[in-house]
Structure formats: structure tokens, C-alpha cells
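The values are calculated or read from the model by the stated rules, or taken from the named source; none is laboratory data. Being a predicted model, the structure only gives us computed values, none of them experimental. FYI the Cβ positions are ideal-geometry reconstructions off the backbone, even for glycines, and counts take in every protein chain you see.
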Amino acid sequence: MGPALRGLVEPVTVVAASTTCGEVERSFRNRWTSSSIIVTSQQPDGDPGIVSRSRFLATMAGHRGYGRLQWDSRPIGELAYWKLPALPATATLPQAVGLLGIDRDGDHDLVVVDDQHAPLGIIRPVRLMQALADLAVQQAATDGLTGGASRSHFVGLLAARLTEVGSGIGAVVVAFLDLDRLKAVNDALGHSWGDALLRSVVHRIGARLRPTDVLGRLGGDEFAVVRCLTDDEVPDADRLALQLGEDLCAAVASEDLRLPTAAHSTASVGLAVALSAETSSDAVLHAADQAMYAAKVAGGNRVCLAGAEVPQTRAWAEGRRLEVHYQPIVDLQGGRIVAVEALLRRRGADGGLDGPAATLEEAARAGMTLDLDRWVLETACRDMVAWRGLMGETAPGAVHVNLAADSLPHPDLVSTVLTTIDASGLPRGCVRLELSEHAGVVDLTRALGRLNELAMAGVRIALDDLGATLDTLRVLSRLPIETIKLDRSLVVGAGAREPVDTEVLSLVMRLSRRFGMEVVGEGVEEPLDEMTLRCAGVGLAQGFRYSHALPADEVVAAIQAAATVAPTGRRALPGGTLLGGELPGGALPEARRPPATVLPLHP
């Protein structure tokens, strides 16, 4: 029996059709309390009949009491109602309601039978209609395809939660999700698999929610989640909201073995936090929707928090134990440290340093790429100002800060960079924003207006990883670039006398001289790498041959050591690494290898 009918069946007495009406009347008056009894059919496999208590007793009373004289000894089968088909135990609620239409009198109970057509009991019409009304309410509150809350029910629950902010609830977080690939799944595999994906998404998301969370389907491939925060959680509301967004993103992206590979999708998630009971459900939903759209525009499969500010980014970075380390860039002629590159690092639970890849991916998914770039730039500018105050003219002349490809199309890029630099008091010309060649020609070209605006404002632009793809060579003259950083693969290839790499390095040097660009060789580790750069006419170098990335408080000592002339005429950094000069016989000095825990150069 379906869930809607289970619990509605009442067991009643079953009598043979030959039982006299007198016996039935005495039992109704003395023993039976049910509204009806069932009468077995005299025909094989025939449907049972039903005798209504009220109708039967009225018939037995008859006009002036003569009914009993007429019916007392007659069989009950003559008064039973046989026109109403029995209801199979497997019937649904709508099927049961449909049977009521067959009963012209409209007041007989339904007889329910099992698979063997044996009577199980009755269902009273009043209880059946109440169950139908309850089902209608449930269906209005539930999405029929996925089982999540319907849009109207979700909005109602959200409004109810918002009214409780400040009186039992500290804040309300709303997450707005939009699937990135539902249309592609429908087009490639058909709508049945698209529906399967929607059901799977609700199942996977539901497994990661708190019991008090509300999950609803707002329509199509849009979902939303409401989470209430306690008063103790309010100070950490933004981080908890982002954590919820990351959990939802991960849930949607996780594999469901019941679906084919092509029927999977990622999601764009927008978040909004309501801290006041005055906030309307429409307003908080709209804010989360707008944040979701920003995540979608940024490439999808990421999270964006509405109204995220710099202090929140700083707390986000500190909560993940992020640090900025600096790798020196040295002058190959004199060994002097002329600049440093700011590199993002993450302190692990064991105290060791991890590379930035996981953090950059997490920031991208959270829609915080530009915020993270701003935090690194802010830290680097602050440290540069401190070094200039301590060392004066011997301080590094520039700090290189990486700018992620996802930050290039952001409408606030220029204002963010300039405001951050100016707030630190560092001259804009001391900053080199590094654009990776991996960003691609299309992204760099689209950002040309913003890059030109930054260059006109005095910020220097550098092209990083040149040689990794060589795609940017054809647009090199169009970009406002003042510094080229050679990818290690190009330096090593040319040093190993690879004909193509040697020609490419020669071409890059000719272009740099033509356009007045300085060149930095990256990833220099071996003496041959340095010799290659010298022979090509490259004046600046960076890599483990000279120093690994240093925390800010070690940079001053490194610069002072590099400025100290050793008796051999070579300049030394802490740890014994030598800069410049040659060993007897013309050989270059071997570089001391960094410890195994030191990370590679490139972020």
C-alpha cells in the first residue's frame, strides 16, 4: 500500500452474506463500534459488500418501528452495498479518491482487500479527503522532481528564519546555486538524464547539510540553501558562509556512480549573509543571486560572497595561515639584489610550507581571486616600505607581484591596485605586476585597456613565464610591458644547445632591445643556466642558484650579505651561495641546493 494510504485503513468485522440482519443489529448496538462492516461475496472472486452502520440502523427502525419486523430474519446480504469496487492494497491516494465518484450516495466507506482479494479493512471518506488535502499541501511545499522544498515554500521558510534574527538566531546565510552544465547534459544525453542529475544533486547536497538547513529548488537548475548561525558564530559569519559555499560546490562536483560521466556538472554558488531581522527574503535572495552570477561570469565552479571586503579577505588569509615570501632578483654583473618577487605560501599543520596552487584554486572557487591578489600586494608594499626605511638606497628597487588571470577582467582591477599601492605610501613605480603568459593572448588582449591604465598611472607591468607557450610573442608590442621574465624551460633548453630554444632566446633578446624591455632569467639553478643567460646578454636572474624564497624578516640580511664583497671577489648570500665570479679554470661555482622542504620557484 502506498504511503499516502498507509495508516488510513481501519480493521472492521467481516460477516457472511447469510448472517441475519437481527444478529447484525444486536452486534452493532452491543459490541461493534466501527462505522461499517464488510460482507463477504457469495460469488467466487467477487468484491465484498459494505454495510453502513447509520444506514443499517435507520433501515431496521423503519417507519414507526416496523423495519425490524420486516428485516430481522432476512440475510444481511440484501442490505449490503455491492456496487462499490474493492480498493487494492497497492492503490494510490488518487485512485482511492476516484472510487468515491462511483458511490452515488457518496457516504459509503471503501473496502480494502489484499493480493488474494481477502478484506483488510475500510477507509472512511472523511479521512481520505483529509489525506488528499494534506497531500496537496505537501505537493505545494515540495518540488515534485527532486524532493526539495518548492520555491514558494522555501521563500516562506526563509522569511520565517529572517524574522527570528536577533531572537534565537544570530544570522542567516543564503546560498544560491546554479548548475554549470545542465543544458549540455540535456542536449547530449536527453532530459531524462538531466532530471537524474537534478535528483542526484539534491541527494548529494542534502548529505552535507545540517538538520536545521533548508534546501529548495527555485526552478530549472537553480537551488538555494538557508543556514542559521548562532550568536557565537556571527563574528565568523563570512568564513562560515564561504565554507558552506565550498561544501556545496564540492558536493555538486563529486562523482555519482549512478550517472554517466557526461551527466555530471559543477555549480556556481553565490552567498549572502543577513544580520538583521529587517532584511527581506527578496533582498537576501537577490544579493545571493547576484553573487552567483559573478561566480558564473568568472568561469563557474566557484563561490562568491556578496559584499566581501578587504578585512574579510585578511581574516580569510590569516585563517588559512598564508604568508608572503620573497625571492631575490640579482644583477648578474655585480651580484646585487635589485628586486624581489613576492610569492604566496601556506603554512601547513606540520609547520612546513606548501605551494600556492591549492589556495589559488580555493580563492578562485570563492570568487576571491582579486581579493587575494590585493592581500599579497598590500603585504608586499608594506614590507617594501619597511625595507626602504631600514636600508635606504640599498633596499630592493622593485617588488614583483603576480596578478592572476582571473583578476584581469575584474572591473575593479585598476582601482584596487592603485588604492592598495597608494595606501601603503610606496611609489607606484616600485611595483611590477607580473602577468603570466599562461593567461593567454585572448585574456591579455581583453585586459589591454586596464593594463594601459595601470601603466599610465605609473605601475610597471612584467610578462612572466615567457617561453612556456610563446603565444604572446605576436602581441608583445601591443602590451604595456617593461619587463620580460624568461621561463626556465627556455633557459635550460638553450643552455643544453637545443637549436629551437636557442633561436627563440635570441629572438626574445632582439625584441627586448628593440622595445626597451629589461629581461630576467627565471629558475636558474645550475652554472650552465647562468652561463646561458650571460652569453645571451641577460642582465638579471632569479632562482635557487642565488637564493630560495625568504620570509620578510630575512630579506634585509640577504641584501646586506649580497652587498658584502668576499675575499675571492664574489658576493655571498646566507648559506654560502656565491654570486658572480668564476672558479679557477673558468668554471662557474656550484650552487648549494636548498633543503628538500624548499618549494620550487614558480607559484
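Return the only residue of 324, 401, 330, 338 being over 21 Å from residue 524 (Cβ atoms) and out of contact with any His (no Cβ under 9 Å at 6 or more places or on another chain). Walk me through it before giving the result.
Working: 401 fails: over 21 Å from residue 524 (Cβ atoms); 330 fails: over 21 Å from residue 524 (Cβ atoms); 338 fails: over 21 Å from residue 524 (Cβ atoms).
Result of the check over 324, 401, 330, 338: 324.
For the stretch 34-133, which strands (runs of 3 or more DSSP E) that fit wholly inside it have 2 or more residues that are in contact with a Lys or Arg (Cβ under 9 Å, 6 or more places away or on another chain)?
Values: elements: 36-39, 49-52, 110-113, 119-123.
The strands (runs of 3 or more DSSP E) meeting that bar are 36-39.
Return the residue satisfying two criteria in turn: it lies in the stretch 15-47 and is of a type in the set (D, E, K, R) and modelled with pLDDT of 90 or more, and of such residues it is farthest from residue 61 (Cα to Cα).
Of everything passing the filter in the stretch 15-47, 47 is farthest from residue 61 (Cα to Cα).
When you look at residue 189, is it farther than 28 Å from residue 367 by Cβ and not acidic (Asp, Glu), yes or no? Show your work before the answer.
Working: farther than 28 Å from residue 367 by Cβ: yes; not acidic (Asp, Glu): yes.
Against the criterion (farther than 28 Å from residue 367 by Cβ and not acidic (Asp, Glu)), residue 189 qualifies.
Restricting the stretch 411-441 to residues that are in a loop (DSSP other than H, G, I, E, B) and surrounded by fewer than 19 Cβ atoms within 10 Å (Cβ to Cβ), which is modelled with the lowest pLDDT?
Filtering first and then ranking leaves 440.
What is the number of the single condition among (1) part of a helix (DSSP H, G or I); (2) modelled with pLDDT of 85 or more; (3) touching a helix residue (DSSP H, G or I) at 6+ places or on another chain (Cβ under 9 Å) that residue 513 does not meet?
(3)
Looking at 385, 376, 401, which one is assigned by TED's automatic domain parsing to the domain that holds residue 455 and in a strand (DSSP E or B)? Even if it seems obvious, please write down each step before you answer.
Working: 385 fails: in a strand (DSSP E or B); 376 fails: in a strand (DSSP E or B).
Only one candidate passes the filter, namely 401.
Looking at the structure I just gave you, is residue 530 charged (D, E, K, R), in the same structural domain as residue 436 (by TED's automatic domain parsing) and crowded, with 22+ Cβ neighbours inside 10 Å? Full working, then the answer.
Values: charged (D, E, K, R): yes; in the same structural domain as residue 436 (by TED's automatic domain parsing): yes; crowded, with 22+ Cβ neighbours inside 10 Å: yes.
For residue 530, the condition - charged (D, E, K, R), in the same structural domain as residue 436 (by TED's automatic domain parsing) and crowded, with 22+ Cβ neighbours inside 10 Å - is met.
Do you know which residues across the stretch 136-150 are in a helix (DSSP H, G or I) and exposed (fewer than 15 other Cβ atoms within 10 Å of the Cβ)?
Once the filter is applied, which keeps residues that are in a helix (DSSP H, G or I) and exposed (fewer than 15 other Cβ atoms within 10 Å of the Cβ), the stretch 136-150 yields 136, 137, 138, 139, 140.
Of everything in the stretch 387-416, what is within 29 Å of residue 298 (Cα to Cα), in contact (Cβ under 8 Å) with a residue 40 or more places away in the chain and in contact with a strand residue (DSSP E or B) (Cβ under 7 Å, 6 or more places away or on another chain)? Give them in sequence order.
Selection gives 399, 400, 401, 402.
Of everything in the stretch 86-119, what is exposed (fewer than 13 other Cβ atoms within 10 Å of the Cβ) and of a type in the set (Val, Ile, Thr)? Give them in sequence order.
Residues satisfying the conditions are 90, 102.
Looking at residue 291, is it in a helix (DSSP H, G or I), touching a strand residue (DSSP E or B) at 6+ places or on another chain (Cβ under 6 Å), within 12 Å of residue 178 (Cβ to Cβ) and outside the structural domain of residue 371 (by TED's automatic domain parsing)?
Working: in a helix (DSSP H, G or I): yes; touching a strand residue (DSSP E or B) at 6+ places or on another chain (Cβ under 6 Å): yes; within 12 Å of residue 178 (Cβ to Cβ): yes; outside the structural domain of residue 371 (by TED's automatic domain parsing): yes.
Yes.
How many of the residues making up the stretch 242-292 are surrounded by fewer than 17 Cβ atoms within 10 Å (Cβ to Cβ) and closer than 19 Å to residue 151 by Cα?
Total satisfying the criteria: 5.
Need pairs with beta-carbon distance below 8 Å; first residue more than 17 Å from residue 275 (Cβ to Cβ) and within the stretch 230-258, second among the aromatic types (Phe, Trp, Tyr) and assigned to a loop (DSSP other than H, G, I, E, B); sequence gap 6+ or separate chains.
Once the first residue is more than 17 Å from residue 275 (Cβ to Cβ) and sits in the stretch 230-258, no partner that is among the aromatic types (Phe, Trp, Tyr) and assigned to a loop (DSSP other than H, G, I, E, B) comes close enough.
Any idea which of 250, 267, 288, 295 is over 19 Å from residue 206 (Cα atoms), among the hydrophobic types (A, V, I, L, M, F, W, C) and under 10 Å from the mean Cα position of the chain (by Cα)?
295
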